[in-house]
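Everything below concerns the one structure shown next.
No lab work stands behind these numbers, since they all come straight from the coordinates. Since the structure is predicted, the reported quantities are computational estimates derived from the model, not experimental observations. Every residue, glycine among them, receives a Cβ derived from its backbone with ideal geometry; neighbour counts consider all protein chains shown.
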């Protein structure tokens, strides 16, 4: 399956740090509030890509976050230890290499 | 004879820098994608729509009339996205989004409905304010920043209340732009 987008999500206590890696190799970073509203908005963003996105998640409550995002968006989602890839950019690269 | 105080000597380079490039010194750390793309003409207040289908058809009509983008393409894209899952954020707000094939750039519309409509929101509340994002197929970076900015904006309860009190499109656009710039400073 073609991957349109690789997304790294580093969950902190008050913020979800996001990095998105496009097929052309460009990387962009931003953050969402670590709240129900922030999670809903992140799901809305990912829904536009559906199964063509791959996610790597680490940090606070990573398993439940990964499950919520995978269920909603249908994207392949990987839970990664913070010691392997602590930053959102590194997580996006991790998602790219799992393809 | 001119007496130069040491403080004047020290302050001169800083003064020169400020005068040479004030916008650079005062610019926010990150430009707002939302503020860049939202125009007063794309703020639609008191729009009458009885359902999501009505709403998306009205957005399509507006896009066709204003920008010459296919009305059916826009409405179909929004409906298709909505079938995957509701685009409601909660608090009476939704962010419908579609990747439009023939769009050459990104469009942002703010809509306040004449009456709230059901939207399958996570908090169960009907939706009355919407930020509609229409993005070209290859626009991941701006797409992501728009979502982040919109979330920051609508997480602010005071801003949501102020938006509901605005009487005209100019006020709404200004409030959203100010909020977006503030949100960008937080995101940076």
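Compare the peptides B:59-71, B:81-93 by average per-residue count of other Cβ atoms within 10 angstrom and give them in order, highest first.
B:81-93, B:59-71
Tell me whether the protein assembly as shown comes out rounded, prolate or oblate; compute the Cα gyration tensor, take square roots of the eigenvalues as a ≥ b ≥ c, and use a/c under 1.5 as the rounded threshold.
Oblate, since a/c reaches 1.5 and b/c is not below a/b.
On average, how many beta carbons from a partner chain sit within 10 Å of the beta carbon of a residue in B:120-126? Provide the component values of the computation, followed by the final result.
Details: counts 0, 1, 5, 3, 0, 0, 0.
The shielding value for this peptide is 1.
Just to be sure I understand: of the beta bridges DSSP finds with both ends in the protein assembly as shown, what percent are antiparallel, rounded to 5?
Taking every DSSP beta bridge with both residues in the protein assembly as shown, the antiparallel ones total about 50 percent.
Per residue of A:11-19, what is the mean number of Cβ atoms on other protein chains within 10 angstrom of that residue's Cβ? Kindly include the intermediate steps, with their values, before the conclusion.
Details: counts 0, 0, 0, 0, 2, 2, 0, 3, 1.
Other-chain Cβ atoms within 10 Å of each residue's Cβ, averaged: 1.
Which of rounded, prolate or oblate describes segment B:36-187 when judged by the alpha-carbon gyration tensor and an a/c cut-off of 1.5? Don't skip to the end; give the middle numbers.
On the way: a/c = 1.33, a/b = 1.15, b/c = 1.16.
Rounded, because the longest to shortest axis ratio a/c is under 1.5.
With a ≥ b ≥ c taken as the square roots of the eigenvalues of the C-alpha gyration tensor of segment A:5-94, please select rounded if a/c is under 1.5 and otherwise prolate if a/b is larger than b/c or oblate if it is not?
Judged from the Cα gyration tensor, segment A:5-94 comes out rounded (a/c under 1.5).
If I stretch the segment between residue A:36 and residue A:52 completely, what's the gain in nm (0.36 nm per residue apart, minus their alpha carbon distance), one decimal? Numbers along the way, then the final one.
Values: separation 16, 0.36 × 16 = 5.76 nm, distance 2.42 nm.
Once the chain is fully extended between residue A:36 and residue A:52, it gains 3.3 nm.
Considering only DSSP beta bridges with both partners in segment A:5-94, what is the antiparallel share in %, to the nearest 5?
That works out to approximately 55 percent antiparallel.
Mind ordering A:23-35, B:154-166 by average Cβ neighbours within 10 Å, highest first?
A:23-35, B:154-166
In deg cm²/dmol, rounded to 500, what helix-only [θ] at 222 nm does chain A give when every DSSP H run of at least 4 residues adds -39500 (n - 2.57) and the total is split over its residues?
Values: 3 runs with 34 residues, N = 99.
Result for chain A: -10500 deg cm²/dmol, rounded to the nearest 500.
So between residue B:39 and residue B:53, what do we pick up on full extension, going 0.36 nm a residue minus the alpha carbon distance?
The residue B:39-residue B:53 span can extend by a further 2.6 nm.
Across peptide B:83-96, what mean number of C-beta atoms from other chains lies inside 10 Å of a residue's C-beta?
3
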